[in-house]
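> Questions regarding the structure given below will be posed in turn.
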Amino acid sequence: MVSTATKIGTFDFDNCLMNAAGVYCMTREELADIDASAAGSFVTKTGTLNARAGNPEPRYVDTSLGSINSMGLPNHGFQYYLDFVTELQNTPNSKNHFLSLVGMSEEETHTILKAVQDSDYQGLVELNLSCPNVPGKPQIAYDFETTEKLLKDIFAYFTKPLGVKLPPYFDIAHFDRAAAVFNQFPLAFVNCINSIGNGLVIEDETVVIKPKHGFGGIGGDYIKPTALANVHAFYQRLNPTIPIIGTGGVKTGRDAFEHILCGASMVQLGTVLHQEGPAVFERITNELKAIMTEKGYESLDDFRGKLQYLD
Ligand code: DHB
């Protein structure tokens, strides 16, 4: 029997596929739809201390090769998502879930994480270090000193399972530096990658999204090679105790297979989920299982991280 079941630390999942934060996860209704689908889990929209309306529309556009967005962190506030995942955790046979969070300042991030620490929630937390779309706020994970200090301060009080969502890095020296920072902490996982920040899509003579004069995060086909490189670079560098979640450019079972081959323990769907809806989980699971069957693999352990080189 071919299985796509997986684990992140002590958390079990019947399927390795789930949504990527930001897609189909803004409301309880959307999250419940993912929960009822073939997905193994869901992650919530990144919650901030207070609810936010986000950037002006149009702020998300699909293209033939992917998507561009500058949502600007619209969300119902972290407490809305914390309440929902806590409620689900207390229902029989619940899947395990991920709560995505970040503050609009370091102080806000600590306020949020202290509230989660003091709550009944026992599931996974994803700290988003890679939102590219809030005007005037650089992506935290591109500043290694800030990231290191933030994680040091967080792990002084936070004892629940916490992982980080990273932006793509593009230089070997940055993979080395980033991994050296993350290896200092008892991270529950590292998730590579968020969108490639601040791309520009033009139709005729005009940008396609309104915020930031058209600049926005790129997802979909454009980003798969960058995503695979980041997953594999961190797989090569991180302590083996830190599992990797692969995100970026997955729209077929073959794409998910490649993420796992690069070292991913779980694989997230972003743009394709926006384009096809939650039925996509069943399609891609079946495609992945067909590839595994053809190759004689019964579990993800049979091929995870086993990317072959030419020398
Ligand atoms: C948004 C986009 C991101 O890529 C992210 O990590 C968080 C928020 C957004 O624009 O809402």
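The values are calculated or read from the model by the stated rules, or taken from the named source; none is laboratory data. Small disclaimer: the values here were computed from a predicted structure and weren't measured. Here Cβ is always computed from backbone atoms with ideal geometry, including for glycine, and neighbour counts include all displayed protein chains. Ligands, DNA and RNA are excluded from the accessible area calculation, which covers all protein heavy atoms including side chains. Shrake-Rupley method; radii C 1.70, N 1.55, O 1.52, S 1.80 Å.
> Do we have D35 as more than 17 Å from E126 (Cβ to Cβ) and among the charged types (D, E, K, R) here?
For D35, the condition - more than 17 Å from E126 (Cβ to Cβ) and among the charged types (D, E, K, R) - is not met.
> Here is a follow-up. Can you tell me how many residues within segment 212-236 are in contact with a helix residue (DSSP H, G or I) (Cβ under 7 Å, 6 or more places away or on another chain) and either surrounded by fewer than 16 Cβ atoms within 10 Å (Cβ to Cβ) or assigned to a strand (DSSP E or B) (or both)?
Matching residues across segment 212-236 total 2.
> Right, next: Name the residues in segment 99-140 that are outside any loop (DSSP other than H, G, I, E, B), within 15 Å of the ligand (Cβ to nearest atom) and more than 14 Å from the chain's Cα centre (by Cα), would you?
Those that are outside any loop (DSSP other than H, G, I, E, B), within 15 Å of the ligand (Cβ to nearest atom) and more than 14 Å from the chain's Cα centre (by Cα): E108, T109, I112, I140.
> With respect to I209, determine if the residue is among the β-branched types (V, I, T), part of a helix (DSSP H, G or I) and open to solvent by less than 10 Å² (accessible area, probe 1.4 Å).
It is false that I209 is among the β-branched types (V, I, T), part of a helix (DSSP H, G or I) and open to solvent by less than 10 Å² (accessible area, probe 1.4 Å).
> Name the single residue, out of those in segment 41-68 being part of a loop (DSSP other than H, G, I, E, B) and under 17 Å from G277 (Cβ atoms), that is farthest from the ligand (Cβ to nearest atom).
F42
> When you scan segment 156-185, how many residues do you find that are closer than 24 Å to Q236 by Cβ and either among the aromatic types (F, W, Y) or more than 20 Å from the chain's Cα centre (by Cα) (or both)?
Selection size over segment 156-185: 12.
> Among the residues of segment 74-98, which ones are within 16 Å of the ligand (Cβ to nearest atom), open to solvent by less than 10 Å² (accessible area, probe 1.4 Å) and touching a Ser or Thr at 6+ places or on another chain (Cβ under 8 Å)?
If the condition is that a residue be within 16 Å of the ligand (Cβ to nearest atom), open to solvent by less than 10 Å² (accessible area, probe 1.4 Å) and touching a Ser or Thr at 6+ places or on another chain (Cβ under 8 Å), then N75, G77, Y81, F98 are the ones that fit.
> So is T241 part of a helix (DSSP H, G or I) and either surrounded by fewer than 24 Cβ atoms within 10 Å (Cβ to Cβ) or under 16 Å from the mean Cα position of the chain (by Cα) (or both) or not?
In short, no.
> If G77 passes every condition in (1) of a type in the set (G, A, S); (2) within 20 Å of the chain's Cα centre (by Cα); (3) within 18 Å of P243 (Cβ to Cβ) but one, which one does it miss?
Going through the list (1) of a type in the set (G, A, S); (2) within 20 Å of the chain's Cα centre (by Cα); (3) within 18 Å of P243 (Cβ to Cβ), G77 breaks only (3).
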